[in-house]
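For reference, the structure is listed below as structure tokens.
The values are calculated or read from the model by the stated rules, or taken from the named source; none is laboratory data. Since the model is a prediction, treat every value here as computed from it, not as a measurement. Methodologically, a virtual Cβ is constructed for each residue, glycine included, from the backbone with ideal geometry; neighbour enumeration extends over all protein chains shown.
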Amino acid sequence: MYVLSHSLKYFKQLYGRLGYLEPTDKLICFNWKGELKVWVNEDLSANHPKVRHEVIQRAITERDMMHLSHSQWQMINKILECVERASKGGRISENFAATLRANRVLTFSSAISMLEDYMMF
């Protein structure tokens, strides 16, 4: 749950800065101190995403908000897949993972909140 929790928080920060970023197993790593880190490029020496994003300033409409929410849901789904593949023996609760996947309007904030609530019990 530690890996999932921190991955969601770090990808949320990246999403806020760069928009949609394809989560992969090679972006979720541990540094030499044993701390979980999320990189923007599978080449860990690079400090920019593999594909540069153009930032377009414009008014956000309701349709845009639905698209943003959907792209967050896609990222969360990919993060779940990565963490499930990497966790051996410490699998994420199938019920919890199913709940996250079923919620198609899920945002990073709501996923993090659901995970924190789940970890309290």
Q.
Need the failing condition index for LEU27 against (1) under 10 Å from the mean Cα position of the chain (by Cα); (2) surrounded by 14 or more Cβ atoms within 10 Å (Cβ to Cβ); (3) at pLDDT 90 or above, just the number.
A. (1)
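Does SER7 satisfy the condition of being touching a helix residue (DSSP H, G or I) at 6+ places or on another chain (Cβ under 6 Å) and either modelled with pLDDT under 85 or closer than 24 Å to MET120 by Cα (or both)?
Working: touching a helix residue (DSSP H, G or I) at 6+ places or on another chain (Cβ under 6 Å): yes; either modelled with pLDDT under 85 or closer than 24 Å to MET120 by Cα (or both): yes.
Taking the combined requirement at face value, the residue satisfies it.
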Q. What pairs can you find where one residue is in the range 14-30 and of a type in the set (Phe, Trp, Tyr), the other is surrounded by fewer than 19 Cβ atoms within 10 Å (Cβ to Cβ), and their Cβ atoms are less than 6 Å apart, with a gap of 6+ or different chains?
A. TYR20/SER71; PHE30/LEU36
Q: State all residues of the range 30-51 that are farther than 21 Å from GLU84 by Cα and either buried (at least 16 other Cβ atoms within 10 Å of the Cβ) or charged (D, E, K, R) (or both); if no residue qualifies, say none.
A: LYS33, ASP43, PRO49, LYS50
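Do the conditions hold for ARG63, that is, is it more than 14 Å from the chain's Cα centre (by Cα), part of a loop (DSSP other than H, G, I, E, B) and either at pLDDT below 90 or under 17 Å from TYR10 (Cα atoms) (or both)?
Values: more than 14 Å from the chain's Cα centre (by Cα): yes; part of a loop (DSSP other than H, G, I, E, B): no; either at pLDDT below 90 or under 17 Å from TYR10 (Cα atoms) (or both): yes.
No.
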**Q.** Qualifying position, being more than 21 Å from TYR20 (Cβ to Cβ) and either surrounded by 14 or more Cβ atoms within 10 Å (Cβ to Cβ) or modelled with pLDDT of 90 or more (or both), among PHE96, PHE121, PHE108
**A.** PHE96
